[in-house]
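Novice: Starting off with a structure, shown below.
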Amino acid sequence: MQSLLRSAWLLAAATTALSLHAQESSITIGTSLPLSGAQAEAGKEGLAIMQAQIDALNKQGGLSGRQLTLKVLDDGYEPQRAASNARQLTQEGAVALLNCWGTASCAAMQPEVQQGQTPLVGVIAGAGNMRQQPGRHAYPLRATTQAEITAMLQQMQTLGLQRVVIVYQNDGFGKDGLQIAMTAFTAKGLKPITTLAVEPSGANTPDLAKQLAAQSDLQGVIVLAGTPATIGLITMARQAHITAPFYNLAAQANRAVVQGLGPYTRGIAFTTLVPSPWKGAVPAVKDYQQLVSHSGMPPASYLGLEVFLNTRTLLDGLRKASPATSRAALTTALDAMGEIRYGAMSLRFAAPRTGSSYVGLTMIDSGGQFRE
(Lines give C-alpha, C1' and ligand atoms only; values in the text may rest on other atoms or scores of the structure.)
Protein backbone atom coordinates (compact mmCIF):
# COMPACT_ATOMS: atom_id res chain seq x y z
CA MET A 1 0.00 0.00 0.00
CA GLN A 2 2.78 2.42 0.93
CA SER A 3 4.49 1.60 -2.35
CA LEU A 4 1.30 2.38 -4.30
CA LEU A 5 0.77 5.66 -2.43
CA ARG A 6 4.36 6.68 -3.06
CA SER A 7 4.02 5.90 -6.76
CA ALA A 8 0.80 7.93 -6.97
CA TRP A 9 2.45 10.83 -5.17
CA LEU A 10 5.46 10.75 -7.50
CA LEU A 11 3.17 10.67 -10.56
CA ALA A 12 1.17 13.64 -9.27
CA ALA A 13 4.35 15.57 -8.49
CA ALA A 14 5.75 14.86 -11.94
CA THR A 15 2.49 15.93 -13.61
CA THR A 16 2.45 19.17 -11.61
CA ALA A 17 6.09 19.85 -12.47
CA LEU A 18 5.41 19.30 -16.16
CA SER A 19 2.40 21.61 -16.01
CA LEU A 20 4.39 24.35 -14.29
CA HIS A 21 7.23 23.91 -16.77
CA ALA A 22 4.79 24.23 -19.69
CA GLN A 23 3.38 27.43 -18.19
CA GLU A 24 6.83 28.88 -17.57
CA SER A 25 8.06 27.95 -21.04
CA SER A 26 5.08 29.48 -22.87
CA ILE A 27 4.76 33.12 -23.86
CA THR A 28 1.34 34.63 -23.17
CA ILE A 29 -0.26 37.26 -25.41
CA GLY A 30 -3.48 38.78 -24.11
CA THR A 31 -6.43 40.12 -26.05
CA SER A 32 -9.76 41.67 -25.08
CA LEU A 33 -12.34 41.26 -27.84
CA PRO A 34 -16.09 41.83 -28.35
CA LEU A 35 -17.10 38.18 -28.57
CA SER A 36 -20.63 39.08 -27.51
CA GLY A 37 -22.78 42.14 -28.08
CA ALA A 38 -23.12 44.34 -31.15
CA GLN A 39 -19.61 43.66 -32.50
CA ALA A 40 -19.50 39.93 -31.78
CA GLU A 41 -19.25 38.86 -35.43
CA ALA A 42 -16.29 41.16 -36.02
CA GLY A 43 -14.63 40.08 -32.77
CA LYS A 44 -14.94 36.41 -33.64
CA GLU A 45 -13.48 37.05 -37.08
CA GLY A 46 -10.51 38.81 -35.48
CA LEU A 47 -10.02 35.98 -32.98
CA ALA A 48 -9.95 33.37 -35.74
CA ILE A 49 -7.22 35.30 -37.56
CA MET A 50 -5.07 35.86 -34.47
CA GLN A 51 -5.35 32.29 -33.25
CA ALA A 52 -4.52 30.85 -36.67
CA GLN A 53 -1.35 32.97 -36.91
CA ILE A 54 -0.19 31.96 -33.45
CA ASP A 55 -0.98 28.30 -34.13
CA ALA A 56 1.06 28.48 -37.34
CA LEU A 57 4.05 29.92 -35.48
CA ASN A 58 3.79 27.27 -32.78
CA LYS A 59 3.80 24.51 -35.43
CA GLN A 60 7.08 25.96 -36.67
CA GLY A 61 8.62 25.59 -33.22
CA GLY A 62 7.44 28.80 -31.57
CA LEU A 63 9.99 31.40 -30.47
CA SER A 64 13.35 30.02 -29.39
CA GLY A 65 11.61 26.76 -28.62
CA ARG A 66 8.85 28.37 -26.56
CA GLN A 67 5.20 28.10 -27.51
CA LEU A 68 2.86 31.10 -27.64
CA THR A 69 -0.47 31.15 -25.83
CA LEU A 70 -3.27 33.57 -26.73
CA LYS A 71 -5.33 34.36 -23.62
CA VAL A 72 -8.71 35.72 -24.72
CA LEU A 73 -11.26 37.68 -22.67
CA ASP A 74 -14.64 38.86 -23.91
CA ASP A 75 -15.45 42.54 -23.29
CA GLY A 76 -18.84 42.64 -25.05
CA TYR A 77 -17.74 45.91 -26.69
CA GLU A 78 -18.13 47.56 -23.26
CA PRO A 79 -15.33 50.01 -22.35
CA GLN A 80 -15.20 49.22 -18.63
CA ARG A 81 -15.04 45.49 -19.27
CA ALA A 82 -12.25 46.11 -21.77
CA ALA A 83 -10.31 48.08 -19.13
CA SER A 84 -10.87 45.36 -16.53
CA ASN A 85 -9.74 42.71 -19.01
CA ALA A 86 -6.57 44.66 -19.80
CA ARG A 87 -5.80 44.89 -16.06
CA GLN A 88 -6.39 41.16 -15.57
CA LEU A 89 -4.29 40.14 -18.57
CA THR A 90 -1.45 42.38 -17.41
CA GLN A 91 -1.59 41.04 -13.87
CA GLU A 92 -1.60 37.47 -15.15
CA GLY A 93 1.68 38.03 -16.97
CA ALA A 94 0.83 38.71 -20.61
CA VAL A 95 3.97 39.97 -22.35
CA ALA A 96 1.81 42.03 -24.71
CA LEU A 97 -1.77 42.95 -25.53
CA LEU A 98 -3.09 42.60 -29.06
CA ASN A 99 -5.80 44.58 -30.88
CA CYS A 100 -7.90 46.80 -28.63
CA TRP A 101 -11.31 47.15 -30.27
CA GLY A 102 -13.29 50.37 -30.74
CA THR A 103 -12.68 54.00 -29.82
CA ALA A 104 -14.25 53.89 -26.35
CA SER A 105 -12.76 50.52 -25.37
CA CYS A 106 -9.28 51.46 -26.55
CA ALA A 107 -9.47 54.72 -24.58
CA ALA A 108 -10.61 52.84 -21.47
CA MET A 109 -7.71 50.38 -21.80
CA GLN A 110 -5.10 53.09 -22.20
CA PRO A 111 -4.44 53.74 -18.46
CA GLU A 112 -4.09 50.01 -17.83
CA VAL A 113 -1.60 49.68 -20.69
CA GLN A 114 0.48 52.53 -19.30
CA GLN A 115 0.23 51.38 -15.69
CA GLY A 116 1.34 47.86 -16.55
CA GLN A 117 3.94 49.07 -19.09
CA THR A 118 2.53 46.43 -21.39
CA PRO A 119 3.01 46.85 -25.15
CA LEU A 120 -0.32 47.02 -26.99
CA VAL A 121 0.04 46.34 -30.71
CA GLY A 122 -2.89 47.10 -32.98
CA VAL A 123 -5.41 49.83 -32.19
CA ILE A 124 -8.65 49.20 -34.05
CA ALA A 125 -9.81 52.78 -33.56
CA GLY A 126 -9.07 55.99 -35.40
CA ALA A 127 -10.06 58.51 -32.76
CA GLY A 128 -10.21 59.01 -28.99
CA ASN A 129 -7.51 59.33 -26.37
CA MET A 130 -5.66 56.22 -27.54
CA ARG A 131 -5.00 57.93 -30.89
CA GLN A 132 -4.55 61.50 -29.63
CA GLN A 133 -2.10 60.51 -26.90
CA PRO A 134 -1.17 56.85 -27.42
CA GLY A 135 1.60 56.97 -24.81
CA ARG A 136 4.80 55.01 -24.53
CA HIS A 137 3.38 51.51 -24.85
CA ALA A 138 0.68 51.72 -27.55
CA TYR A 139 1.58 50.81 -31.14
CA PRO A 140 -1.22 51.73 -33.61
CA LEU A 141 -0.88 50.71 -37.26
CA ARG A 142 -3.99 52.11 -38.96
CA ALA A 143 -4.36 55.75 -39.98
CA THR A 144 -6.45 58.11 -37.88
CA THR A 145 -10.05 59.12 -38.47
CA GLN A 146 -8.78 62.59 -39.32
CA ALA A 147 -6.68 61.10 -42.12
CA GLU A 148 -9.75 59.22 -43.37
CA ILE A 149 -11.94 62.32 -43.51
CA THR A 150 -9.16 64.36 -45.08
CA ALA A 151 -8.89 61.74 -47.84
CA MET A 152 -12.65 61.97 -48.43
CA LEU A 153 -12.47 65.74 -48.72
CA GLN A 154 -9.48 65.54 -51.05
CA GLN A 155 -11.40 63.35 -53.46
CA MET A 156 -14.50 65.52 -53.17
CA GLN A 157 -12.45 68.58 -54.06
CA THR A 158 -10.92 66.75 -57.02
CA LEU A 159 -14.44 65.96 -58.27
CA GLY A 160 -15.65 69.50 -57.59
CA LEU A 161 -18.08 68.46 -54.82
CA GLN A 162 -18.51 71.39 -52.44
CA ARG A 163 -22.07 71.27 -51.11
CA VAL A 164 -21.64 68.54 -48.53
CA VAL A 165 -23.66 67.45 -45.49
CA ILE A 166 -22.17 65.59 -42.52
CA VAL A 167 -24.36 62.96 -40.83
CA TYR A 168 -22.92 61.78 -37.52
CA GLN A 169 -24.09 59.14 -35.07
CA ASN A 170 -25.72 60.58 -31.96
CA ASP A 171 -23.29 59.14 -29.41
CA GLY A 172 -19.70 59.58 -28.25
CA PHE A 173 -18.28 57.89 -31.34
CA GLY A 174 -20.23 60.05 -33.74
CA LYS A 175 -19.66 63.30 -31.86
CA ASP A 176 -15.91 62.66 -31.78
CA GLY A 177 -16.07 62.02 -35.51
CA LEU A 178 -17.99 65.23 -36.09
CA GLN A 179 -15.39 67.27 -34.21
CA ILE A 180 -12.62 65.67 -36.27
CA ALA A 181 -14.54 66.30 -39.49
CA MET A 182 -15.07 69.98 -38.67
CA THR A 183 -11.33 70.34 -38.05
CA ALA A 184 -10.60 68.70 -41.41
CA PHE A 185 -13.08 70.95 -43.20
CA THR A 186 -11.56 74.07 -41.61
CA ALA A 187 -8.04 72.97 -42.61
CA LYS A 188 -9.17 72.91 -46.23
CA GLY A 189 -11.09 76.18 -46.02
CA LEU A 190 -14.43 74.39 -46.36
CA LYS A 191 -17.68 74.30 -44.44
CA PRO A 192 -20.49 71.71 -44.60
CA ILE A 193 -23.98 72.83 -45.59
CA THR A 194 -25.25 71.44 -42.30
CA THR A 195 -24.71 68.60 -39.83
CA LEU A 196 -27.37 66.05 -38.91
CA ALA A 197 -27.48 63.53 -36.06
CA VAL A 198 -28.58 59.96 -36.75
CA GLU A 199 -29.59 57.60 -33.95
CA PRO A 200 -27.38 54.49 -33.64
CA SER A 201 -30.38 52.28 -34.42
CA GLY A 202 -31.21 54.32 -37.52
CA ALA A 203 -34.70 55.02 -36.16
CA ASN A 204 -34.74 58.62 -37.39
CA THR A 205 -33.40 57.96 -40.90
CA PRO A 206 -36.74 58.61 -42.68
CA ASP A 207 -36.77 62.14 -41.27
CA LEU A 208 -33.09 62.66 -42.14
CA ALA A 209 -33.75 61.56 -45.71
CA LYS A 210 -36.40 64.28 -45.97
CA GLN A 211 -33.94 66.86 -44.65
CA LEU A 212 -31.31 65.77 -47.17
CA ALA A 213 -33.86 65.93 -49.98
CA ALA A 214 -34.66 69.51 -48.97
CA GLN A 215 -31.04 70.61 -49.56
CA SER A 216 -30.68 72.32 -52.93
CA ASP A 217 -27.83 71.07 -55.11
CA LEU A 218 -26.65 68.49 -52.57
CA GLN A 219 -23.35 67.13 -53.90
CA GLY A 220 -22.21 64.69 -51.22
CA VAL A 221 -22.88 63.20 -47.77
CA ILE A 222 -20.22 62.15 -45.27
CA VAL A 223 -21.55 59.48 -42.91
CA LEU A 224 -19.88 58.97 -39.52
CA ALA A 225 -21.99 56.15 -38.14
CA GLY A 226 -22.17 52.44 -37.42
CA THR A 227 -23.70 49.72 -39.56
CA PRO A 228 -27.44 49.97 -38.70
CA ALA A 229 -27.51 53.76 -39.03
CA THR A 230 -25.47 53.70 -42.24
CA ILE A 231 -27.70 51.12 -43.90
CA GLY A 232 -30.88 52.88 -42.78
CA LEU A 233 -29.75 56.33 -43.87
CA ILE A 234 -28.54 55.37 -47.33
CA THR A 235 -31.57 53.15 -47.98
CA MET A 236 -34.01 55.90 -47.02
CA ALA A 237 -32.04 58.49 -49.02
CA ARG A 238 -32.02 56.40 -52.19
CA GLN A 239 -35.73 55.67 -51.83
CA ALA A 240 -36.21 59.45 -51.60
CA HIS A 241 -34.36 59.72 -54.97
CA ILE A 242 -31.26 61.38 -53.50
CA THR A 243 -28.48 60.61 -55.98
CA ALA A 244 -25.56 62.39 -54.28
CA PRO A 245 -22.59 60.14 -53.41
CA PHE A 246 -22.16 58.92 -49.83
CA TYR A 247 -18.73 58.68 -48.18
CA ASN A 248 -18.20 56.32 -45.25
CA LEU A 249 -15.43 55.39 -42.82
CA ALA A 250 -13.45 52.19 -43.34
CA ALA A 251 -15.28 50.40 -40.52
CA GLN A 252 -18.36 50.14 -42.74
CA ALA A 253 -16.56 48.50 -45.68
CA ASN A 254 -17.85 45.06 -44.75
CA ARG A 255 -20.20 42.29 -45.88
CA ALA A 256 -22.99 43.30 -43.47
CA VAL A 257 -23.27 46.75 -45.06
CA VAL A 258 -23.29 45.33 -48.60
CA GLN A 259 -26.00 42.83 -47.70
CA GLY A 260 -28.02 45.43 -45.78
CA LEU A 261 -27.99 47.93 -48.63
CA GLY A 262 -29.31 45.39 -51.11
CA PRO A 263 -30.01 47.24 -54.38
CA TYR A 264 -28.75 50.58 -53.05
CA THR A 265 -24.97 50.10 -53.33
CA ARG A 266 -24.22 52.45 -56.22
CA GLY A 267 -22.51 55.76 -55.57
CA ILE A 268 -21.12 54.81 -52.17
CA ALA A 269 -17.45 55.22 -51.27
CA PHE A 270 -15.57 53.89 -48.26
CA THR A 271 -12.12 54.70 -46.99
CA THR A 272 -9.68 51.81 -46.56
CA LEU A 273 -6.83 51.57 -44.08
CA VAL A 274 -4.99 48.52 -45.44
CA PRO A 275 -4.20 47.28 -48.95
CA SER A 276 -6.88 45.35 -50.80
CA PRO A 277 -7.26 41.90 -49.19
CA TRP A 278 -8.23 40.47 -52.59
CA LYS A 279 -5.01 41.40 -54.41
CA GLY A 280 -1.98 39.24 -53.70
CA ALA A 281 0.78 41.48 -55.07
CA VAL A 282 1.83 42.45 -51.53
CA PRO A 283 3.62 39.49 -49.86
CA ALA A 284 1.83 39.99 -46.52
CA VAL A 285 -1.54 40.07 -48.27
CA LYS A 286 -0.67 36.86 -50.10
CA ASP A 287 0.15 35.24 -46.75
CA TYR A 288 -3.20 36.45 -45.39
CA GLN A 289 -5.05 35.01 -48.37
CA GLN A 290 -3.36 31.68 -47.81
CA LEU A 291 -4.33 31.73 -44.13
CA VAL A 292 -8.03 32.37 -44.78
CA SER A 293 -8.14 29.82 -47.60
CA HIS A 294 -8.07 27.03 -44.99
CA SER A 295 -11.31 25.33 -44.04
CA GLY A 296 -13.25 27.04 -41.27
CA MET A 297 -11.58 30.43 -41.68
CA PRO A 298 -13.62 33.61 -42.33
CA PRO A 299 -13.56 35.00 -45.89
CA ALA A 300 -11.11 37.77 -46.76
CA SER A 301 -12.06 41.25 -45.58
CA TYR A 302 -10.48 44.60 -44.80
CA LEU A 303 -10.94 44.02 -41.08
CA GLY A 304 -9.45 40.53 -41.28
CA LEU A 305 -6.39 41.84 -43.09
CA GLU A 306 -5.95 44.62 -40.55
CA VAL A 307 -6.02 42.12 -37.68
CA PHE A 308 -3.58 39.91 -39.60
CA LEU A 309 -1.11 42.79 -40.09
CA ASN A 310 -1.39 43.87 -36.45
CA THR A 311 -0.72 40.32 -35.30
CA ARG A 312 2.17 39.85 -37.74
CA THR A 313 3.76 43.06 -36.48
CA LEU A 314 3.58 41.88 -32.87
CA LEU A 315 5.03 38.47 -33.78
CA ASP A 316 7.85 40.17 -35.71
CA GLY A 317 8.56 42.27 -32.60
CA LEU A 318 8.69 39.14 -30.44
CA ARG A 319 11.08 37.51 -32.90
CA LYS A 320 13.30 40.57 -32.78
CA ALA A 321 13.29 40.54 -28.97
CA SER A 322 13.88 36.77 -28.72
CA PRO A 323 15.24 35.01 -26.76
CA ALA A 324 14.22 37.72 -24.26
CA THR A 325 10.47 37.75 -23.67
CA SER A 326 9.96 40.56 -21.16
CA ARG A 327 7.69 43.52 -21.81
CA ALA A 328 10.68 45.84 -21.68
CA ALA A 329 12.58 43.76 -24.25
CA LEU A 330 9.56 43.69 -26.56
CA THR A 331 9.10 47.47 -26.23
CA THR A 332 12.74 48.01 -27.17
CA ALA A 333 12.41 45.65 -30.13
CA LEU A 334 9.27 47.34 -31.44
CA ASP A 335 10.85 50.77 -31.11
CA ALA A 336 13.83 49.58 -33.15
CA MET A 337 11.87 47.99 -36.01
CA GLY A 338 12.36 50.95 -38.33
CA GLU A 339 10.05 51.30 -41.31
CA ILE A 340 7.23 48.77 -41.44
CA ARG A 341 5.83 48.44 -44.95
CA TYR A 342 2.84 46.49 -46.21
CA GLY A 343 2.47 47.64 -49.80
CA ALA A 344 1.43 51.31 -49.88
CA MET A 345 0.89 51.18 -46.12
CA SER A 346 4.02 52.18 -44.22
CA LEU A 347 4.81 53.47 -40.74
CA ARG A 348 7.46 53.82 -38.06
CA PHE A 349 6.97 53.32 -34.34
CA ALA A 350 8.60 56.63 -33.53
CA ALA A 351 7.05 59.19 -31.17
CA PRO A 352 4.47 60.49 -31.58
CA ARG A 353 2.94 57.20 -32.70
CA THR A 354 0.33 58.25 -35.23
CA GLY A 355 0.19 55.01 -37.22
CA SER A 356 0.26 54.79 -40.99
CA SER A 357 -0.77 57.71 -43.18
CA TYR A 358 -2.22 55.35 -45.80
CA VAL A 359 -5.89 55.86 -46.68
CA GLY A 360 -7.41 54.43 -49.83
CA LEU A 361 -10.92 54.57 -51.28
CA THR A 362 -13.14 51.71 -52.40
CA MET A 363 -16.62 51.31 -53.88
CA ILE A 364 -19.08 48.43 -54.26
CA ASP A 365 -19.38 46.99 -57.77
CA SER A 366 -22.49 45.50 -59.39
CA GLY A 367 -21.57 42.11 -57.99
CA GLY A 368 -21.47 43.33 -54.41
CA GLN A 369 -17.67 43.26 -54.24
CA PHE A 370 -15.36 46.03 -53.05
CA ARG A 371 -13.24 47.53 -55.84
CA GLU A 372 -10.48 50.09 -55.46
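Novice: Carbon and sulfur: what percent of the chain's accessible surface (1.4 Å probe)?
Specialist: The computed percentage sits at 52.
Novice: While we're looking at this one, here's another question. How many Å² of accessible area per residue for the chain, probe 1.4 Å?
Specialist: 45 Å²
Novice: Test of understanding: given the chain, find the longest segment containing no trypsin sites (Lys or Arg not before Pro) that are in a DSSP loop and have at most 15 other Cβ atoms within 10 Å.
Specialist: 1-135
Novice: Given the chain, what percent of its DSSP beta bridges are antiparallel, to the nearest 5?
Specialist: That works out to approximately 25 percent antiparallel.
Novice: If we count every other residue with Cβ under 10 angstrom of residue 140's Cβ, Lys/Arg +1 and Asp/Glu -1, where does the sum land?
Specialist: Net charge in that neighbourhood comes out at +3.
Novice: Could you give the nm distance between label points at residue 59 and residue 213, where each point is 7 Å from its Cα heading toward the beta carbon?
Specialist: 5.6 nm
Novice: Against the longest alpha carbon principal axis of the chain, how many degrees, from 0 to 90 and to the nearest 10, is the axis of helix 283-292 turned?
Specialist: Rounded to the nearest ten degrees, it is 80.
Novice: Using only Cα atoms and rounding to the nearest 10 degrees, what angle (0 to 90) does helix 2-25 make with the longest principal axis of the chain?
Specialist: Its long axis makes an angle of about 40 degrees.
Novice: Still on this structure, I have one more. Taking the simple approach of a point 7 Å from Cα along Cα-to-Cβ for both residue 319 and residue 201, what is their distance in nm?
Specialist: 4.9 nm
Novice: Next up: For segment 41-82, just say rounded, prolate or oblate: build the C-alpha gyration tensor, square-root its eigenvalues into a ≥ b ≥ c, call rounded for a/c under 1.5, and beyond that prolate if a/b exceeds b/c, oblate if not.
Specialist: In terms of gyration-tensor shape, oblate.
Novice: Expressed as a rounded percentage, what relative contact order does the chain have, with Cα pairs under 8 Å and six or more residues apart?
Specialist: After rounding, I find 16 percent.
Novice: Picking from 67, 295, 367, whose Cα lies most toward the positive end of the charge dipole for the chain (charges on Cβ: Lys, Arg +1; Asp, Glu -1)?
Specialist: 67
Novice: What does the extension gain come out to for residue 369 and residue 179, with contour length at 0.36 nm per residue minus their alpha carbon separation?
Specialist: Difference between extended and current length: 65.3 nm.
Novice: On to the next question. Under 5 Å between amide H atoms, partner at least 5 residues away or on a different chain: which partners does residue 120 have, H built in plane at 1.01 Å?
Specialist: Those qualifying (amide H under 5 Å, at least 5 residues apart or on another chain) are 97, 138, 139.
The values are calculated or read from the model by the stated rules, or taken from the named source; none is laboratory data. Here the structure is a predicted model, which is why all the values come from computation and not from measurement. Using ideal geometry, Cβ is built from the backbone for each residue, glycine included, and neighbour counts are taken over all protein chains shown. Ligands, DNA and RNA are stripped out before the accessible areas are found, and what is left, the full protein with its side chains, is counted by its heavy atoms. Shrake-Rupley method; radii C 1.70, N 1.55, O 1.52, S 1.80 Å.
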